[in-house]
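S.K.: Sharing a structure with you now.
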Amino acid sequence: MTKSLLTACSVLFTTIVLSQGLSSNEIDSIVGSAMKASPHAGIAVVVVKDGKIIHEKGYGVTSIETKEKVNEHTRFGIASNSKAFTATALSMLVDEGKLKWDDKVVDILPEFKTYDEYVTLEYTITDLLTHRSGLGLGAGDLMWIPDGNDYTMTEILENFQYQKPVSNFRLNYNYNNLMFIVAGEIVARKSGMSWCDFVETRIMKPLNMTESAGKQPRLTIQTNVAFPHELKGEKLVQLPHMQIHKAEAAAGIYASVHDLASWMIVNLNDGMNGNDTLISKVNHDMMWKPHINTSFSVVPRGHYKSRLSGYGLGWSVDDYNGYTVIGHGGGLPGMLSKTRMIPELGVGVIVLTNADPGGYSYEMVSRAIIDSYVEVTPLDWVTIGNDVIERNHNEEDSVMSAVWKQVKKAGKSAPKMNEMVGAYNDKWFGDITIEFMDDKLWLTSKRSSQLNGPVLFYENDTCVVKWEYTQMECSVFVNFKRDGDRNIIGLTMKGISPNIDFSFDFHDLDFKKIK
């Protein structure tokens, strides 16, 4: 190759590299389009490159009631983006020799008991962080969602034995929050401090994440905190903060994008915090290594020409046009977040939002920014996100309208429902009662204070319960079971909405009538 050709290639390569990424004005424009296209409260965005913040900004408001402006220091609930902090905490304990990745959970937590004796004895620390338990998507989440329940840590550890697997142990990927709760308890027992204390003192403090905390009530300053919001019909409604119960290690952290920039920078630097080691490279690599496959294609497919995706330890691992993208999403009522990092380019993006669905801007804005680095054709992600929401809304509205129409029609000829009255028990969810209150048949959950509501006749042995809890749509069909003599002996539940959040795992419940 001639010297002039080498020079030309060098100039061309430099031009390509320099053209990667969006300017702050371009990011502002994308966020502005997202906020105009669908109802929003606030958004915060941070982008890091080569160890430096190149964009950090807040948009919109922390609260539609106070109208306080979002900025880069506004704290949002980051939900399941907390999982990577839990994996990091365990990595630090492995570095210190207090744990090994293949340590058995039951040796540390003797109360831990799963659906199978072999699985109980073989379940390792690594298994806790990889969603390969054999249990179904979101299994057991009703022990912490919605808030207001009173399950103890011991009950959570023991109740896995009552949950039914949907695949063999370590065979399939099924997202599970409860195993991260168990992982948080491992951190507590091996470190001698609570998960929140460990994360705040051992991770956040060294990274100078002074604006963040393990959960919302622990924020030292309760100003400039984003409130969650949800779209009800065409109107955005402000919600109270969800009070995380026992699940901080899965979804508890509140943080600002300014603080999370430091978190991304140390991760993009192989666990090094400046000249100090937060995590050894070998254990940082362990977190970013795929431990279970989530998808594979021999032929590159889709917008990103992807071949494979996997899950590491608290992190997803994806192929975007030949680049490895490390990330995670997070969602709580009215709080949505997304992290994406491209280690090869030293790039990281975090988008935090406080309105659900908000045009899925947490997902779509981060995609637009990442696309500019992985050299794919730009897409109008704002329009794509809103089209998805519209389809989901129309589908849900059609289903729910038909159900309530049938309930109204069936109510005119509803049979006497006295035989449904009684006490029922599910082995892991506990007791519920069905009784008449003010001439209405009413279901009360004894362990989950927000899951109560009227029992409305639908057809045959099927009723509908519309819960008092309204932060997310989670009404259920209740199907009563009878014996050969036509006596009611139990009931099962199933979510009605096709878009019900997977954490409402009502379908996993199997109630037996106890009186």
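S.K.: In terms of Cα to Cα distance under 19 Å, which aspartates and glutamates are near enough to LYS69, apart from those fewer than 8 places away along the same chain?
M.R.: Correct list for LYS69: ASP28, GLU56, GLU211, GLU230, ASP259, ASP356.
S.K.: Find how much the distance from ASN499 to LYS52 grows on full extension, using 0.36 nm per residue of separation minus their present alpha carbon separation; answer in nm with one decimal.
M.R.: 157.0 nm
S.K.: Highest first, please rank the peptides 410-418, 38-46 by the mean number of other Cβ atoms sitting within 10 Å of their residues.
M.R.: Descending mean neighbour count gives 38-46, 410-418.
S.K.: Arranged by the count of other C-beta atoms within 10 angstrom, fewest first, what order do TRP288, TRP467 take?
M.R.: Least crowded to most crowded, the residues run TRP288, TRP467.
S.K.: In addition: Rounded to whole Å, give me the distance from the Cα center of segment 416-475 to that of segment 271-319.
M.R.: Result: 43 Å between the Cα centres.
S.K.: If we sort 357-367, 175-185, 108-118 on the protection proxy, mean other Cβ atoms within 10 Å, highest first, what's the order?
M.R.: Packing order, densest peptide first, comes out as 357-367, 175-185, 108-118.
S.K.: Nothing charged except the Cβ atoms of Lys and Arg (+1) and of Asp and Glu (-1): what's the magnitude of the dipole of segment 414-513 about its Cα centre? Round to the nearest 20 debye.
M.R.: Working: 12 positive and 16 negative charges, 37 e Å.
Approximately 180 debye in magnitude.
S.K.: Let me ask something else about it. Sorting check: for 197-204, 220-227, which peptide has the highest mean count of neighbouring beta carbons within 10 Å, and how do the rest follow?
M.R.: With the highest mean Cβ count within 10 Å placed first, the list reads 197-204, 220-227.
S.K.: Using the eigenvalues of the Cα gyration tensor, what equivalent ellipsoid semi-axes result for the chain when each is taken as the square root of five times the eigenvalue, whole Å, largest first? Mind dumping the intermediate values first?
M.R.: Details: eigenvalues 344, 155, 94 Å².
So the three semi-axes of the chain are 41, 28, 22 Å.
S.K.: Relative to the compact-globule scaling 2.2 N^0.38 Å, provide the ratio for the alpha-carbon radius of gyration of segment 414-513. Can you show the working numbers first?
M.R.: Numbers: Rg = 12.8 Å, N = 100, 2.2 N^0.38 = 12.7 Å.
In units of the 2.2 N^0.38 Å rule of thumb, it is 1.01.
S.K.: How would ASP431, ASP371 line up from fewest to most surrounding beta-carbon atoms within 10 angstrom?
M.R.: ASP431, ASP371
S.K.: Counting only the backbone N, which residues of segment 199-226 are under 15 Å from the spot 7 Å out from the Cα of GLU96 toward its beta-carbon?
M.R.: 199-206
S.K.: Between MET437 and VAL282, what is the spin-label point distance in nm, taking each point 7 Å from the Cα along the Cα→C-beta axis?
M.R.: Simple spin-label model gives 5.8 nm for this pair.
S.K.: Which whole-angstrom value gives the distance between the alpha carbon centres of segment 161-176 and segment 198-231?
M.R.: Here the two parts' Cα centres lie 32 Å apart.
S.K.: Toward the positive end of the charge dipole of the chain, about the Cα centre and with charges on Cβ (Lys, Arg +1; Asp, Glu -1), which of HIS258, MET335, MET437 goes farthest?
M.R.: So the residue furthest toward the plus end is MET437.
S.K.: Please count, across segment 414-513, the pairs of lysine residues with Cα atoms under 22 Å apart that sit 8 or more places apart or on different chains.
M.R.: 28
S.K.: To the nearest 20 debye, what is the magnitude of the charge dipole of the chain about its Cα centre, counting +1 on the Cβ of each Lys and Arg and -1 on the Cβ of each Asp and Glu? Spell out each step's value before the answer.
M.R.: Details: 51 positive and 62 negative charges, 72 e Å.
With Lys and Arg at +1 and Asp and Glu at -1, about 340 debye.
S.K.: Pulled fully out, how much extra length does the chain show between SER413 and GLU344, if you take 0.36 nm times their separation in residues and subtract their Cα-Cα distance?
M.R.: Net length gain for the segment: 18.2 nm.
S.K.: Along its principal axes, what span do the Cα atoms of segment 55-180 show, with the longest given first and each in whole Å?
M.R.: Between the extreme Cα coordinates on each principal axis of segment 55-180 lie 54, 34, 27 Å.
Values quoted throughout were computed directly from the atomic coordinates according to the rules given, and no laboratory measurement underlies them. As the structure is a computational prediction, the values presented were derived from the model and not from experiment. Glycine also receives a Cβ, built like all others from the backbone with ideal geometry; neighbour counts cover every protein chain displayed.
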